[in-house]
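Let me begin by presenting the structure, written as structure tokens, before commenting on it.
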Amino acid sequence: MTTATLKYGALQNYIGGSFVPDAARSLDVLSPLNGEVISTVPLSSATTLDAAVLAAKAAFGAWSSMPVKERVQIFYRYKTILERNAQSLALLIQEENGKTLDEAMAEVEKSIELTEFACSLPQLIAGSIMEVSRGVECRIDHKPLGVVASIAPFNFPLMVPHWTIPNAIALGNCMILKPSEQVPLSAQRMADMLKEAGLPDGVFNIVNGDKEIVEAICDHPDIEAVSFVGSTAIAKVVYRRATANLKRALALGGAKNHLIVMPDASPDMTASNVVASMSGCAGQRCMAASAMMAVGNVDLIIQKICDEARKIVVGKNLGAVISAAAKERIERYITEAEKGGAKVLVDGRNATVAGKEGGFYVGPTVIDFVTPDMAIAREEVFGPVLAIVRTKDLDEALAIENASEYGNAASVFTQSGGVARYVMEHASAGMVGVNIGVPVPREPFSFGGWNESKFGVGDITGESSIAFWTEYKKTSIKWNAEARTNWMS
């Protein structure tokens, strides 16, 4: 198949306000919906990154000197453009990622919310000033870092870039985005829309690629800060390599989220929330329910969970997983758990969708009597699979949750305020929910886990992100020579 016959043609990098070809290696981009090749993406070299950094450096002076209230006007316009193109963006996300259309639309809506938060930054970085001694004032200003980079994952091709790009750029930085090579199409649309909104050339750049570009970003002497979202194994590598090169780094890794279900939990609400958390985005999100701690006798709730899971139709209200390799890996976890003595209550293996037999699908899966030592109970499966671990009491459930190397999210389902408070205080996770299956904070509250789900200080979104993308300039001022001199002056 030639690039001319591909639905989206051959993708290019975006440098200095223009799409530019790359003569390096390329990779086929497959739609998980049917397995068809829809585009090719360049696997660029460090030389291409150098060109993007030069373009960003050239743009930084004028962009960073623009008042923040003027910079955010571009994002007001960009927000309107996102809203106008929401449907086409959702369709694109669905095609390149495999989500359902409703899930893709929710991703667009979250991207709009993140952009809206960036528009509020002038009020949040207004700075502070105080008369600290007679005739002497001190003030604090937020100053941008320079050229920064964001390395994004496959599971949210539009939303995760919006965790970083609007804030980092509105704060005065110039950005280089490295999208996942598996889902590079949405990033191209972002470039078009930001240009339409009036963003100056060079402020936003896209360099496509694989491991070579990630390493080059971590090593480049003119990139001041790097954000990363992906697996814990790679997050560790990125964090260590970037910080070894004296950069700021914030690297978000994987998760193993525990939902603790108490006997007094509302059966219907719990079942619907647990299944939605487990199966949403085909389980390919770092906030998905992965392990359920069944405390005491909750058999009725487990039965309702199974009933809810069986209502899900693959290809209709459950999307595809990202690749054939992902499908094989997820199904291997299920098979190994079953061989180890766990009981598969709802089996999603070998799922297919009529007319899309080449797609990558795993049906909703519920597995009971999983033991804490099983791989499916400890490792990130990243699929629509719920592993149920039986525990005798709440403290045993919390001990299992606390023992996890990850710390993204934990939730408890109960009608007891005391139990809820106990879990809130003792769960080892950065984001905790009560009767909520996906406890994602909304703006201005920030997103970020604990333990091996995050490496670096602060969170990636919300007000916490301001400190990551800027540095404080402290200025002390004295004008009146008549003021009494003291130890400050």
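What follows draws every value from the coordinates through simple rules; no lab data is involved. Everything numeric in this text was worked out from a predicted model, so none of it was measured. All Cβ positions, even for glycine, are placed from backbone atoms using ideal geometry, and neighbour counts span all protein chains on display.
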Point to revise | Loop sites in the stretch 305-400: trypsin sites (Lys or Arg not before Pro), DSSP, at most 16 other Cβ within 10 Å | key: K311, K316, R349, K392
Exercise for review: Over all directions, average the projected area of the Cα convex hull of the stretch 257-434 and note it in nm².
Suggested key: 9.1 nm²
Study note, to complete from the structure: In the neighbourhood of D50 defined by beta carbon distances under 15 Å, the net charge of the other residues (Lys, Arg +1; Asp, Glu -1) is -3
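Return the calculated 222 nm mean residue ellipticity for the chain, to the nearest 500 deg cm²/dmol, obtained by summing -39500 (n - 2.57) across DSSP H runs with n ≥ 4 and dividing by the residue count. Walk me through the numbers on the way to the answer.
Details: 16 runs with 190 residues, N = 489.
For the chain, the value works out to -12000 deg cm²/dmol.
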Practice item. Give the percent of DSSP beta bridges with both residues in the chain that are antiparallel, rounded to the nearest 5. Key: 40 percent
**Study point:** Out-of-range pairs (alpha-carbon distance over 21 Å; input K247/K473; K69/K110; K195/K454)
**Key:** K69/K110; K195/K454
Review point. What does the charge dipole of the stretch 257-434 about its Cα centre add up to, to the nearest 20 debye, if the Cβ of each Lys and Arg holds +1 and the Cβ of each Asp and Glu holds -1?
Key: 560 debye
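Any idea what the relative contact order of the stretch 1-98 is, in percent, if you count C-alpha pairs under 8 Å spaced at least 6 apart?
Details: 90 pairs, mean separation 25.6, N = 98.
Relative contact order of the stretch 1-98: 26 percent.
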Point to revise | Summed residue charge, Cβ within 14 Å of T461's Cβ, Lys/Arg positive, Asp/Glu negative | key: -2
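When only Cα pairs under 8 Å and 6 or more residues apart are kept, what is the percent relative contact order across the chain?
Values: 1121 pairs, mean separation 84.3, N = 489.
Reported relative contact order: 17 percent.
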**Study point:** Charge sum, other residues only, whose C-beta stays under 11 Å from I15's C-beta, Lys/Arg counted +1 and Asp/Glu -1
**Key:** -3
Study note, to complete from the structure: Counting only residues 5 or more apart in sequence or on a different chain, those whose built amide H sits under 5 Å from that of L27 are V41, L43
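Within 10 Å, count the other beta carbons around each residue, average over each peptide in 229-238, 118-127, 91-100, 469-478, and list them highest first. Intermediate values should be presented prior to the final figure.
Details: 229-238: 19.7, 118-127: 16.3, 91-100: 23.9, 469-478: 14.0.
Top of the packing list down: 91-100, 229-238, 118-127, 469-478.
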Exercise for review: Rounded to the nearest 10 degrees, what's the angle between the helix 417-426 long axis and the longest principal axis of the chain, both from Cα atoms, 0 to 90?
Suggested key: 60 degrees
